[in-house]
Structure formats: C-alpha cells, structure tokens
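To start, I am sharing the structure in question, which I have written as structure tokens.
The values are calculated or read from the model by the stated rules, or taken from the named source; none is laboratory data. Keep in mind it's a predicted model, so treat the numbers as computed, not measured. Positions of Cβ are generated from backbone atoms using ideal geometry, with glycine treated the same way; all protein chains shown enter the neighbour counts. Just so you know, the surface numbers come from the protein's heavy atoms only, side chains and all, with ligands and any DNA or RNA stripped out. Shrake-Rupley method; radii C 1.70, N 1.55, O 1.52, S 1.80 Å.
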Amino acid sequence: MADCARKGRTRDSMDKSITLPPDEIFRNLENAKRFAIDIGGSLTKLAYYSTVQHKVAKVRSFDHTAKETEGDPLYEISVQEEITARLHFIKFENTYIETCLDFIKDHLVNTETKVIKATGGGAYKFKELIEKKLRLKVDKEDEMTCLIKGCNFVLRNIPHEAFVYAKHADSEFRFQNTHPDIFPYLLINIGSGVSIVKVESEDKFERIGGSSIGGGTFWGLGALLTKTKRFDELLQLASRGQHSSVDMLVKDIYGGAYSSLGLTGDLIASSFGKSATTDKEFSKEDMAKSLLHMISNDIGQLACLYARLHNLSRVYFGGFFIRGHPVTMHTITYSINFFTKGEVQALFLRHEGYLGAIGAFLKGAEEDNPNQYSWGENYAGSSGLMSVSPDLNPMQRARSGTFDMLEMDRLERQLVNLPLLQDPSSYVPDTVDLTEDALAREYWLSCFEDALDGVVKRAVASQPDLPQAAERAEKFRQKYLHKLQTLRHQPFAYGSLTVRSLLDTREHCLNEFNFPDPYSKVKQKENDVALKYFQKVVMSLEKLSWEQRQFALVKGLLAGNVFDWGAKAISDVLESDPEFGFEEAKRQLQGKNKNLTTTRYFCSFTFIYLGPPHKCALFFVDNSGIDIILGVFPFVRELLCRGTEVVLASNSGPALNDVTNSELQILTERIAAMDSVIQTALKEDKLTLVQSGSSSPCLDLSRLDKALATVVLERHTDLVVIEGMGRAIHTNYYAMLNCESLKLAVIKNSWLAERLGGKIFSVVFKYEVPFKSQELKQ
C-alpha cells in the first residue's frame with residue numbers, strides 16, 4: 001500500500017513529505033549539547049555536539065600471587081559503558097528548514113545550551129523562525145571568520161580533505177596529503193561574488209582581494225540569457241554546451257595559432273565574441289558554457305595573480321559556485337593550470353560546504369578549546385563525498401545533497417607526526433590507492449564482502465551473554481555491506497580508497513553496533529596458550545650460536561606473524577585446526593626460497609648487529625598470542641641484552657586480533673615474572689610500553705599519540721621495527737625514515753603475494769638505512 005500511495009504523489013510532494021528518522025539523520029540528538037547553523041542561499045548546514053555512550057572492551061589482570069590452577073585465564077574481559085564526544089554536521093536544502101527545526105525541537109531532550117551560533121546570509125532571514133522553533137537565542141557570527149576556522153579545522157583533522165580534480169583521468173579525484181603545517185594558504189571563496197583571503201595562522205587572516213564577478217554573476221546573467229532560474233539547471237546546460245559556438249577563438253582571428261605569442265588556435269580570444277558578428281540564434285547550452293568559461297577564467301587568473309604576489313602555492317577553492325560540481329571544478333582547474341603553467345594546483349575540499357557551520361560551532365565552543373584535541377572522521381555516520389554529476393536531473397541532484405552528513409569523533413589523544421619521518425610533507429601511508437587501481441579495488445571490495453559472514457559470526461560469539469547480539473550483528477552486516485556497495489560506485493567517497501580505509505570503516509561500523517572487540521576471547525585464549533611456551537622458546541634460543549640465534553629470532557618473528565585472524569587464509573586454518581601452532585607456522589615458512597625481499601636485507605641487518613648497539617628501538621607490534629609472546633618478545637629480549645632500549649608501541653583500541661596496550665601491559669608483567677631480562681629492563685626503564693594512538697590494523701605515521709612522539713625523541717630512537725601486513729605492507733612499505741628501519745611481515749593473501757611476485761606465506765624482511773647513515777657507516 002505504501003508503494004501505491006507513493007506512486008500517486010507528485011515528485012515535489014514526495015520530497016516535502018520526507019521523514020527524518022533520528023537514528024539516520026539527526027543522530028544522537030537527545031544528547032546534543034551545543035548548536036550552530038550556517039544558512040546560505042539554498043542550503044542549510046547544521047552543527048551540533050553530542051555525548052555518545054558506547055561500549056568498550058576492558059581487560060583486567062587477575063591476582064596471580066595465589067597458587068594457580070590449570071586453565072586459569074590470564075585476565076578477565078568486561079564490556080563497559082564509556083562516554084565520548086562527537087561532532088555532527090548535516091546539510092539540507094532550505095526548503096526543509098522548518099520541517100527540520102520542528103524535528104529537532106521534538107527530539108531535543110538533554111540540551112543545556114540557550115544560544116545557537118549562526119552565520120551565513122540566511123542567518124538574518126531565518127533568525128525569528130529559529131528562535132521561535134528551538135527557543136534558543138540566535139547569536140550571529142562573522143561569516144568569513146567562521147569560514148576560515150572551519151577550513152583550518154578540516155585541513156588539520158581530515159587527512160584526505162583536499163583534492164585535485166582531473167576530469168579526464170581514470171580517477172577524477174586525486175586526494176592530497178595535508179602538509180603538517182597547513183599555513184599559509186590562499187582561500188578563494190566564490191559565492192555571489194569572490195573573496196580572496198590569505199590565511200597565515202589560526203587567528204590571522206586577511207581579505208587581500210576579490211571581485212564582483214562570481215557565482216551570482218553566472219546565475220544572474222545565465223538566467224537572463226537562457227530564462228533558466230535554477231543554478232543546477234544552468235550547470236546542466238553548460239555541461240552539454242560548446243563554448244566555441246559563441247566564443248571567438250584565436251584561430252577565428254588569425255586562421256590558426258599565434259605562435260610568436262605562444263597562443264594556441266583553440267584559446268578563447270573573446271568571450272561571447274561571435275554573438276556580435278554572427279547573425280544566428282545561439283543555443284542555451286552553448287551560451288551557458290561560454291558564460292561558465294568566462295567567469296571561471298576571470299576567477300582563475302585573479303587567484304593566480306594573488307598567489308604569485310604573495311608567494312603562495314596552496315590555493316583552495318570553495319563556496320556556492322563550487323559545491324562539488326564537476327563542471328565548475330574542471331573549468332577552475334583548467335584556468336589555474338593555464339595561467340600558472342602547472343606551477344599551482346587548484347585544490348578543492350571534500351567538506352567545503354560545512355566550513356561555515358564548523359567555524360560557527362568552534363566559535364561557540366571556545367571555552368572547551370576543541371582545537372586542543374584531535375578529531376577523526378567517523379565513516380559509519382558520514383555519507384562521504386557524493387557523485388554530483390551534471391548528468392543527473394536537478395531533482396536527483398537536490399536529493400543527493402539534501403541530507404549529507406559528516407560525523408567526527410573526538411580522539412582520546414592528540415595525534416602528531418612520527419618525528420623520524422624523513423619528509424612528513426611527502427609521506428603517504430598507503431602502498432596502493434584503490435581509487436586509481438580498478439583491478440585491486442574490485443579484488444579487495446570482494447574480499448571484504450566475502451569475509452563479512454566470518455566477522456558477523458565472531459562478533460556474536462564475543463557477546464554470548466548480551467541480549468540482541470545477533471540482531472545488532474545483522475545490522476552491522478547491512479550497514480557495512482551498504483558502505484562497500486557505495487564505495488564500488490563512488491570509491492572517492494571518503495578520500496583515497498585503500499585497504500586501510502576499508503578496515504577502518506569496518507571497525508567504525510562494528511563500534512556503531514556495540515561490538516568494541518569481537519576478537520577479545522580469541523586473544524585471551526591465544527595469550528594464555530602462548531605464555532606456557534615462552535620459557536621453552538627462550539631456552540632453545542640460548543643454546544644456539546650467535547649467528548644461528550639471529551636467524552632463529554627473525555624466523556620466530558615471521559612465524560609468529562602468521563597468526564593473524566584478519567587474513568582469511570589463516571582464519572580458515574585456525575578455525576579448522578585449533579592445534580596449528582608455532583612450529584607448524586615455522587614449517588610453513590620452510591622452502592620459501594623465493595621470498596619477496598628477504599635474503600639481502602637479512603644479511604645487511606645481521607651485519608649491523610656486529611657493530612655497536614642501537615640506542616633505542618621503536619617496535620610497532622601486531623597480533624596477540626603467539627606473535628607478540630613467542631615472536632616479538634624473544635627478539636626484544638635480544639635487543640635488550642645488546643644494550644638497546646626498547647619502546648613497544650601497540651594499539652590504543654582493539655582491531656581484529658591485534659594486541660592492545662592494556663593487554664600488552666598484562667602480558668609484559670607476566671613475562672617479566674618468568675624472565676629476568678625483561679624484569680630488569682622494566683625496573684630500569686629500558687623497556688617502555690606506549691600507545692600508538694591508533695585503533696586500526698594499519699598504521700599512519702602522521703597520526704600517532706603525542707606521548708609516543710615525545711618518548712621517541714627523548715630516547716634518541718635510531719631503529720624502527722614495523723611488523724605485519726597491515727602496518728608494513730598495506731601501509732608504510734615505502735615510508736622513508738631518518739633512522740634505520742626494519743619492515744617485516746608474512747604475506748597471508750595469495751592474490752597479494754602473486755602481485756608482489758611471490759606465493760602465499762612468502763615473507764617481507766625489508767631492512768633500510770637512510771642515505772646519510774650509510775655514508776657514516778662506510
């Protein structure tokens with residue numbers, strides 16, 4: 001019946017009758033604490049802060065002073081409630097503003113705020129309506145100040161915020177890594193007119209120029225020329241037009257190129273030039289295209305002149321005229337490339353539509369100093385960058401942008417660069433960009449889809465006593481599956497699509513449905529089992545000669561890294577053969593004579609061992625159980641015996657079966673009770689455990705816990721070890737450091753192994769020395 005009723009409505013009435021379920025649009029509204037709003041000519045952007053109550057997995061060590069019995073677990077696992085902060089940003093058409101305000105009023109429960117910060121031209125127009133509906137006082141903020149604050153915020157907190165638009169490339173969106181220092185930059189805001197703003201610091205900016213010829217000009221003149229009143233319809237017309245039918249080109253004047261001046265024949269000599277000399281009617285499409293080129297070229301040249309005048313290479317474009325439209329981004333990009341001969345790139349922002357709302361919110365939250373924290377995009381609650389192809393009809397375009405959402409979670413720790421990165425500005429964490437590699441993209445999307453049943457099963461098994469676990473797990477399945485389907489069609493939705501972003505999206509969706517650590521019981525069991533063999537492994541190593549021991553230690557590291565529940569080939573083995581153990585893993589590595597990058601690097605590494613010990617080794621660890629206990633700790637023990645201090649960096653939060661910092665603390669205490677080397681190192685502060693700041697199976701060295709960065713500098717770290725497929729292959733394979741580094745992993749995916757030139761269970765053992773260090777050692 002609902003379908004029949006829907007068919008009977010007109011398109012407009014269907015749009016206006018849209019429902020707004022709180023769990024999909026205005027999420028967690030009942031816990032909203034502070035509001036801000038940015039109302040433009042056609043779109044409203046609402047921002048609010050809420051406290052989110054979610055489940056977290058906690059581990060607590062049992063008292064082992066009493067006599068233990070066989071089968072006693074090492075620690076207990078509990079699921080507890082924790083409150084964190086989240087920012088919500090929602091964008092919708094002004095058509096729905098009254099409906100949305102009514103919805104917010106009806107669902108607002110716990111807010112303590114009496115004021116709503118507002119910016120944008122519509123803040124004046126809708127002031128009375130907002131105050132009447134929400135019973136909040138509207139406090140208007142300066143539009144440009146809000147815009148700059150918002151821009152600074154997204155550039156600092158969203159790694160793949162900025163992109164270059166390349167219309168004819170395989171991947172239209174080429175995302176840029178944000179420079180550690182985001183200042184200075186030029187912001188070209190194209191609304192009705194154009195404002196050109198130089199931003200030098202968080203609070204220092206200046207409007208250095210502008211123009212009255214902007215988006216309003218395109219809209220106004222376009223309406224006069226074509227009788228088309230809607231902005232999106234004008235862009236549609238322009239996308240189908242041929243500007244050369246209206247514009248006078250260089251070849252129309254000179255019969256070809258003007259070579260002595262370096263002007264090609266297809267260059268526009270005079271916008272609308274042919275309309276004065278040709279006695280014919282021009283199509284609406286051609287006039288719209290000519291007008292778009294005229295205004296874009298004018299803006300592009302202005303931007304280039306100001307960028308050169310102030311010696312700025314980073315130029316960001318935003319405003320209503322841009323708004324993610326491929327047609328306008330292409331014409332602006334072409335103009336910038338032409339006038340600077342490729343020296344300056346036109347940069348656009350994924351969330352440029354939210355900048356004013358974000359800035360207004362930050363102005364209202366200054367007493368809480370939100371900039372003292374790091375924030376991360378929550379993929380589970382964000383709609384991502386949508387396709388805004390001009391080929392869509394205006395109603396589809398309007399609907400695609402009507403309820404666009406962005407959510408950002410406040411992170412527990414401030415995140416910074418690893419101080420040992422050789423060049424932080426050029427560091428790219430991910431090895432393969434799936435946005436540009438279609439074959440790899442299809443493989444990994446299918447791989448994650450195929451693994452979904454196993455993740456759901458593991459999630460339910462982790463909470464046998466909690467109600468509705470199966471129902472929540474099914475909701476997780478549907479949400480993550482929807483995300484994968486979206487990424488198939490729009491791989492650019494959350495920036496560069498990578499294995500890391502697919503893993504992180506899955507973790508976000510698991511947390512969304514209160515599955516904070518699906519592998520907690522698996523880790524607990526494997527840690528208990530591995531501890532029983534630790535002393536035996538150490539004793540067998542001590543019987544070997546020095547050279548044999550080094551080889552055995554590396555082999556143990558790699559064998560331990562086999563135990564990764566995130567790899568389907570391994571999880572299948574562990575599910576079918578629970579007795580598969582450390583020695584079996586070593587045998588799997590036997591006979592792999594064509595390992596990918598092993599022998600040469602291993603020889604170099606052992607040669608370095610013959611020299612003086614390193615001052616401090618930073619080790620990014622991977623899996624729980626056999627990996628950390630029987631693989632990593634014997635290796636760490638050898639480093640300590642050589643006189644090298646060791647910092648073990650582990651995840652702050654759970655991801656797959658990776659060991660977390662809280663678990664590692666308990667494991668280390670237990671190992672220290674069995675081993676005097678580890679015990680002494682802890683007492684003398686030679687062995688330090690730190691949180692990485694990450695809750696991902698991969699590793700972004702540009703977003704690490706500030707406390708870790710401090711330890712790295714204080715300890716004069718001169719060796720970095722990165723372990724595991726996620727941290728050393730999917731990410732950081734090409735990372736360049738200022739010190740010696742060792743990247744090692746077992747390839748547990750046959751497709752990836754084949755692509756890298758090996759077979760499944762081939763190993764990567766990549767020892768690298770920075771060029772200056774090589775010179776010093778010679």
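Is it the case that some residue within segment 673-683 is modelled with pLDDT of 95 or more, in a loop (DSSP other than H, G, I, E, B) and crowded, with 21+ Cβ neighbours inside 10 Å?
Going through segment 673-683, the residues modelled with pLDDT of 95 or more turn out to be 673-683.
From what's left, in a loop (DSSP other than H, G, I, E, B): 675.
Retained after the next criterion (residues that are crowded, with 21+ Cβ neighbours inside 10 Å): none.
Checked against the condition, which is being modelled with pLDDT of 95 or more, in a loop (DSSP other than H, G, I, E, B) and crowded, with 21+ Cβ neighbours inside 10 Å, segment 673-683 yields no hits at all.
Shifting gears a bit: Name the one entry in 376, 342, 359 that is in a helix (DSSP H, G or I) and either out of contact with any helix residue (DSSP H, G or I) (no Cβ under 9 Å at 6 or more places or on another chain) or not hydrophobic (A, V, I, L, M, F, W, C) (or both).
On the way: 376 fails: in a helix (DSSP H, G or I); 342 fails: in a helix (DSSP H, G or I).
Selected residue: 359, the only one of 376, 342, 359 that is in a helix (DSSP H, G or I) and either out of contact with any helix residue (DSSP H, G or I) (no Cβ under 9 Å at 6 or more places or on another chain) or not hydrophobic (A, V, I, L, M, F, W, C) (or both).
List every residue pair whose Cβ atoms lie under 6 Å apart, where the two residues are 6 or more positions apart in sequence or sit on different chains, the first residue falls within segment 275-294 and is touching a residue at least 12 places away in the same chain (Cβ under 8 Å), and the second residue, located anywhere, is among the basic types (Lys, Arg) and surrounded by 12 or more Cβ atoms within 10 Å (Cβ to Cβ).
These pairs meet every condition: 285/240.
Just the residues that are among the charged types (D, E, K, R) and either in contact (Cβ under 8 Å) with a residue 12 or more places away in the chain or touching a strand residue (DSSP E or B) at 6+ places or on another chain (Cβ under 9 Å) (or both), please, taken from segment 98-134.
The initial filter retains those residues of segment 98-134 that are among the charged types (D, E, K, R), namely 98, 102, 105-106, 112, 114, 117, 125, 127-128, 131-133.
98, 102, 105, 112, 114, 117, 125, 127, 128, 131, 133, listed by residue number.
Counting just the residues of segment 132-149 that are surrounded by 14 or more Cβ atoms within 10 Å (Cβ to Cβ) and of a type in the set (Asp, Glu), which one comes out nearest to residue 104 (Cα to Cα)?
139
Right, something else. Out of all the residues in segment 92-129, which are assigned to a helix (DSSP H, G or I), of a type in the set (A, V, I, L, M) and within 18 Å of residue 25 (Cβ to Cβ)?
Initially, segment 92-129 is screened for residues assigned to a helix (DSSP H, G or I), giving 94-107, 122-125, 127-129.
When the remaining residues are screened for being of a type in the set (A, V, I, L, M), the result is 97, 101, 104, 123, 129.
Within segment 92-129, 97, 101, 104 qualify.
While we're looking at this one, here's another question. Within segment 78-120, can you find the residues that are in contact with an Asp or Glu (Cβ under 8 Å, 6 or more places away or on another chain) and of a type in the set (S, T, N, Q)?
Of everything in segment 78-120, those that are in contact with an Asp or Glu (Cβ under 8 Å, 6 or more places away or on another chain) and of a type in the set (S, T, N, Q) turn out to be 84, 95, 110, 119.
Among the listed residues 292, 312, 267, 347, identify the single one that is open to solvent by less than 50 Å² (accessible area, probe 1.4 Å), touching a strand residue (DSSP E or B) at 6+ places or on another chain (Cβ under 9 Å) and within 30 Å of residue 42 (Cα to Cα).
Values: 292 fails: touching a strand residue (DSSP E or B) at 6+ places or on another chain (Cβ under 9 Å); 312 fails: within 30 Å of residue 42 (Cα to Cα); 267 fails: within 30 Å of residue 42 (Cα to Cα).
Going through 292, 312, 267, 347 in turn, the sole match is 347.
Confirm whether residue 19 is at pLDDT 85 or above, open to solvent by 20 Å² or more (accessible area, probe 1.4 Å) and not in a helix (DSSP H, G or I).
Details: at pLDDT 85 or above: no; open to solvent by 20 Å² or more (accessible area, probe 1.4 Å): yes; not in a helix (DSSP H, G or I): yes.
In short, no.
So that you can scan it fast, the table gives a plain yes or no per residue for (1) modelled with pLDDT under 95; (2) open to solvent by 30 Å² or more (accessible area, probe 1.4 Å); (3) within 18 Å of residue 728 (Cα to Cα); (4) touching a Gly at 6+ places or on another chain (Cβ under 6 Å):
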position: 411; (1), (2), (3), (4): yes, yes, no, yes
position: 414; (1), (2), (3), (4): yes, yes, no, no
position: 417; (1), (2), (3), (4): no, yes, yes, no
position: 420; (1), (2), (3), (4): no, no, yes, no
position: 425; (1), (2), (3), (4): yes, yes, no, no
position: 434; (1), (2), (3), (4): no, no, yes, no
position: 438; (1), (2), (3), (4): yes, yes, no, no
position: 442; (1), (2), (3), (4): no, yes, no, no
position: 445; (1), (2), (3), (4): no, no, no, no
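Tally time: how many residues in segment 482-522 are of a type in the set (A, V, I, L, M, F, W, C), buried (at least 24 other Cβ atoms within 10 Å of the Cβ) and in a loop (DSSP other than H, G, I, E, B)?
Of the residues in that region, 2 qualify.
To continue, here is another question. Considering segment 697-717 alone, what residues qualify as being open to solvent by 50 Å² or more (accessible area, probe 1.4 Å) and touching a Pro at 6+ places or on another chain (Cβ under 6 Å)?
The one that is open to solvent by 50 Å² or more (accessible area, probe 1.4 Å) and touching a Pro at 6+ places or on another chain (Cβ under 6 Å): 713.
Looking only at segment 528-556, how many residues end up being touching a residue at least 60 places away in the same chain (Cβ under 8 Å) and either loosely packed, with under 13 Cβ neighbours inside 10 Å or touching a His at 6+ places or on another chain (Cβ under 6 Å) (or both)?
1
Could you identify the single residue in 769, 746, 720 that is buried (at least 23 other Cβ atoms within 10 Å of the Cβ), β-branched (Val, Ile, Thr) and more than 20 Å from residue 415 (Cβ to Cβ)?
Working: 769 fails: buried (at least 23 other Cβ atoms within 10 Å of the Cβ); 720 fails: more than 20 Å from residue 415 (Cβ to Cβ).
One residue alone meets the criteria, 746.
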